[in-house]
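Taking it in order: structure first as structure tokens, then the write-up.
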Amino acid sequence: MILPDDLRLRLLAGLGLLLFIAPLAHPGPAAAAVAAALALFAAERRAVPWRRLWHLEAFLLLLLLTLPFTVPGPPLWQWGPLSLSAEGLSRTLVIGLKVTASVLLLALLAGSVEPERIGAALRSLGLPEALVRIHLGLVRYLGLIRDEMRRLQEAMRLRAFRPRSGWHSWRSYGHLVGMMLVRAHARAERVEEAMRLRHASGRFLPPDLPAPAPRDWRTCALLLALGAGLLWWDRT
């Protein structure tokens, strides 16, 4: 195991790595950050989430098609008013590598952890109770809202609805969003009543977690040292 077993130190290490990766300005350290993330996946014997990465890279493709033509600098290629600069291409590459490394590290550090455990670790680290409750509520109800939206869309298809660029389609989508919000609110009220029947106090108390082991402190320090080394390389 390369990662800390203690979830609190794992989250702190992930936050520190993201803070070290964000200011990188050169392709070399940014590519090394991606390589380090892939090496951590190999060391942990975890599968790389390629499907999630493909969705991300499809979004970054829009950045690749626009940013190199908007950053001033000596042109590498020019066609009419379009001018592709070396600075724009380098900046696009750095942004793509940094985003890829950040997503890989987040998936490795917290991608397979239950939301309840993440909430408990955040509360133990001193995060305000309101933010922890928002996090748990968001994770809990995203799936419910997605299922409710799927049922409503299936009902629309059974009524022979076909999406088109017209007033009828836009009005139908407006009704769809309104019904989803109404049903989500009704479900939230039912959940609140169930919690009151179980004598829920409405508080998220800090959990009594054991102290991190010395090994966890060492691995957390090594991960932070890795991020600091990348930033030092980028600055020098």
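Taking segment 157-189, which residues are hydrophobic (A, V, I, L, M, F, W, C) and either in contact with a Ser or Thr (Cβ under 8 Å, 6 or more places away or on another chain) or surrounded by 14 or more Cβ atoms within 10 Å (Cβ to Cβ) (or both)?
Listed by number, the residues that qualify are Phe161, Leu176, Met179, Met180, Ala184.
Say we look at segment 127-151 and pick out the residues that are open to solvent by less than 80 Å² (accessible area, probe 1.4 Å), closer than 30 Å to Arg8 by Cβ and free of Cβ contacts under 8 Å to residues at least 24 places away in the same chain; which of these is nearest to the chain's Cα centre (by Cα)? Walk me through how you get there before you give the answer.
Of all residues in segment 127-151, those open to solvent by less than 80 Å² (accessible area, probe 1.4 Å) come to 127-130, 132, 135-137, 139, 141, 143-145, 147-149.
Going one step further and asking which of them are closer than 30 Å to Arg8 by Cβ, we end up with 127-130, 132, 135-137, 139, 141, 143-145.
Add one more test, that the residue is free of Cβ contacts under 8 Å to residues at least 24 places away in the same chain, and what stays is 127-128, 130, 135, 137, 143.
Values: Leu127: 19, Pro128: 20, Ala130: 20, His135: 13, Gly137: 17, Gly143: 16 Å.
The residue in question is His135.
Give the number of residues within segment 1-19 that are under 22 Å from Ala42 (Cβ atoms), open to solvent by less than 80 Å² (accessible area, probe 1.4 Å) and charged (D, E, K, R).
Result for segment 1-19: 1.
Can you tell me which of Glu154, Glu114 is loosely packed, with under 12 Cβ neighbours inside 10 Å, acidic (Asp, Glu), farther than 30 Å from His26 by Cβ and modelled with pLDDT of 80 or more?
Within the list Glu154, Glu114, the selection yields Glu154.
Name the residue, out of Glu57, Glu44, that is modelled with pLDDT under 85, under 19 Å from the mean Cα position of the chain (by Cα) and acidic (Asp, Glu).
Numbers: Glu44 fails: under 19 Å from the mean Cα position of the chain (by Cα).
Exactly one of Glu57, Glu44 is modelled with pLDDT under 85, under 19 Å from the mean Cα position of the chain (by Cα) and acidic (Asp, Glu), namely Glu57.
Looking at Leu108 and the list (1) part of a helix (DSSP H, G or I); (2) surrounded by fewer than 17 Cβ atoms within 10 Å (Cβ to Cβ), which single condition is not satisfied?
Condition not satisfied by Leu108: (2).
Condition check ((1) within 16 Å of Gly229 (Cβ to Cβ); (2) among the acidic types (Asp, Glu)) across all residues:
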residue	(1), (2)
Leu18	yes, no
Leu24	yes, no
Pro27	no, no
Ala32	yes, no
Ala37	yes, no
Glu44	no, yes
His55	no, no
Leu65	no, no
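So Pro74 clears everything in (1) within 24 Å of Asp234 (Cα to Cα); (2) open to solvent by 60 Å² or more (accessible area, probe 1.4 Å); (3) at pLDDT 75 or above except one condition, right? Which one?
(3)
The values are calculated or read from the model by the stated rules, or taken from the named source; none is laboratory data. Just so it is clear, the model here is predicted, and its values are computed rather than measured. When we count neighbours, we look across all protein chains shown, and the Cβ atoms used for this are built from the backbone with ideal geometry, even at glycine. The protein model used for the area step is the full one, side chains on, heavy atoms only, and it has no ligands, DNA or RNA in it. Shrake-Rupley method; radii C 1.70, N 1.55, O 1.52, S 1.80 Å.
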